[in-house]
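One structure is given here, and the rest of the page talks about it.
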Amino acid sequence: MGREITITALKYNPSDKNSKPTFAEYKLEETPGMTLYIALTKIKSTIDHDLSSDFVCRAGICGACGMIINGKPRLACKTLTSEFEDGKIKLLPLPTFKLIKDLSVDSGTWMKNMSLRVNSWIVANEETDISKVEKPIEPEVAQEVFELDRCIECGLCVASCSTAIMREDFVGAVGLNRVARFQIDPHDTRTDEDFYELIGDDDGIFGCMSLLACEDHCPKELSLQSKIAYMRRKMVKA
Ligand code: SF4
Ligand code: FES
């Protein structure tokens with residue numbers, strides 16, 4: 001028989017005018033290898049069918065299950081309940097994003113707006129001929145692009161970021177990482193001046209205060225601060 005754990009979660013539905021923010025407490029038996037994904041699924045199926053939270057992949061890939069877990073932004077599907085020695089776990093929705101209900105937030109609209117703001121796609125000044133083999137790039141450069149492409153848009157870096165909380169339009173580490181990804185990709189023909197037009201302001205590269213929380217909480221361990229510093233140097237020169 002496993003130990004009893006206590007999970008406390010915010011309950012609030014902003015679209016229901018009668019709803020008031022409260023905390024609900026759930027007690028359940030811990031099972032071997034239990035993640036917060038498993039615990040929340042158990043709560044939802046056996047204790048409280050009304051509790052809302054988001055999951056898709058259960059494997060740290062889709063980025064849907066970000067939440068504040070005992071004060072830190074983390075992925076619920078990659079967090080073991082056994083990490084918490086006293087068995088007490090408090091859950092809050094990620095800040096910065098629009099609250100849908102309880103632990104569920106709308107990070108998709110935020111990510112879409114960020115992608116549009118930083119023009120998150122390859123821009124080339126020549127027509128692509130899809131009947132030809134793609135232009136090769138150096139393996140080290142390809143590796144660097146693939147590394148930055150590992151971002152899963154979970155939004156933990158945004159939820160950790162003081163600038164993102166203060167500035168609604170700040171593109172966050174996720175947006176700056178995206179720009180760096182296209183800046184180093186030789187398929188993209190934009191110049192540093194073009195990128196400056198997109199992020200050369202306080203809602204872009206000059207809004208970052210280098211507090212490092214984005215990198216501390218990124219579940220993919222992307223080196224966000226070094227990429228932000230790299231882009232800042234490029235933008236100052238531009
Ligand atoms: S940079 Fe890291 S923390 Fe930010 S959205 Fe991408 S994977 Fe998540
Ligand atoms: S459910 Fe996909 S990252 Fe957690």
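So what is the 222 nm mean residue ellipticity for the chain from helices alone, if each DSSP H run of at least 4 adds -39500 (n - 2.57) and you divide by all residues, rounding to the nearest 500 deg cm²/dmol? Mind showing how you got there, number by number?
Values: 9 runs with 81 residues, N = 238.
Helices in the chain give a 222 nm mean residue ellipticity of -9500 deg cm²/dmol.
Multiply the residue gap between Phe55 and Ser226 by 0.36 nm, knock off their C-alpha separation, and tell me the result in nm, one decimal place.
Working: separation 171, 0.36 × 171 = 61.56 nm, distance 3.03 nm.
The span from Phe55 to Ser226 would gain 58.5 nm if fully extended.
Report the net charge of residues surrounding Met67, where surrounding means a beta-carbon distance below 12 angstrom and charges are Lys +1, Arg +1, Asp -1, Glu -1.
Result for the neighbourhood of Met67: +2.
How would you rank Asp129, Asp202, going from fewest to most other Cβ atoms within 10 Å of each one's own Cβ?
Ascending Cβ contact count within 10 Å gives the list Asp129, Asp202.
List the trypsin sites (Lys or Arg not before Pro) within segment 32-139 that DSSP assigns to loop and that have no more than 14 neighbouring Cβ atoms inside 10 Å.
Of the trypsin sites (Lys or Arg not before Pro), the ones in loops of segment 32-139 whose Cβ has at most 14 other Cβ atoms within 10 Å are Lys132.
If I take the Cα coordinates of the chain and project them onto the principal axes, what are the three extents in Å, biggest first?
Between the extreme Cα coordinates on each principal axis of the chain lie 62, 37, 32 Å.
Order of Phe206, Phe182 from fewest to most other C-beta atoms within 10 Å?
Lowest count first: Phe206, Phe182.
Using DSSP to define loop residues, name the trypsin sites (Lys or Arg not before Pro) in segment 141-237 whose beta-carbon has at most 13 other beta-carbon atoms within 10 Å.
Working: sites: Arg150, Arg167, Arg178, Arg181, Arg190, Lys220, Lys227, Arg232, Arg233, Lys234, Lys237; in loops: Arg150, Arg167, Arg190, Lys220.
When the trypsin sites (Lys or Arg not before Pro) of segment 141-237 are filtered for loop state and at most 13 Cβ neighbours within 10 Å, Arg150 remain.
Could I have the simple spin-label model distance between Asp216 and Asp106, label points 7 Å from Cα toward Cβ, reported in nm to one decimal?
Placing both labels 7 Å beyond Cα along the Cβ direction yields 3.0 nm.
For a quick check of your reading of the filter: which GluC sites (Glu not before Pro) in segment 19-126 sit in a DSSP loop and have no more than 11 other Cβ atoms within 10 Å?
Taking segment 19-126 and a limit of 11 other Cβ atoms within 10 Å, the loop GluC sites (Glu not before Pro) found are Glu85, Glu126.
Taking neighbour counts of Cβ atoms within 10 Å as a proxy for exposure, in what order, fewest first, do Glu193, Glu147 appear?
Glu193, Glu147
Output wanted: per-residue J couplings in Hz (rounded whole) for segment 79-93, from phi through Karplus 6.51 cos²θ - 1.76 cosθ + 1.60, θ = phi - 60°, x for Gly and Pro.
3J(HN,Hα) across segment 79-93, in whole Hz: 10, 7, 5, 5, 5, 9, 4, 7, x, 10, 10, 10, 10, 10, x.
I'd like to know which of Leu94, Met231, Met114 lies farthest towards the positive end of the charge dipole of the chain, counting +1 on Cβ of Lys and Arg and -1 on Cβ of Asp and Glu.
Final value for the positive-end residue is Leu94.
Whole Å is fine, so just give me how far the alpha carbon centre of segment 34-93 lies from that of segment 130-155.
32 Å
Under 8 Å for C-alpha pairs, at least 6 residues apart: give me the relative contact order for segment 118-237, rounded to a whole percent.
33 percent
No value in this document is a laboratory result; all are computed from the given coordinates. Bear in mind the structure is a predicted one, so any value in this text is a computation, not a measurement. Every residue, glycine among them, receives a Cβ derived from its backbone with ideal geometry; neighbour counts consider all protein chains shown.
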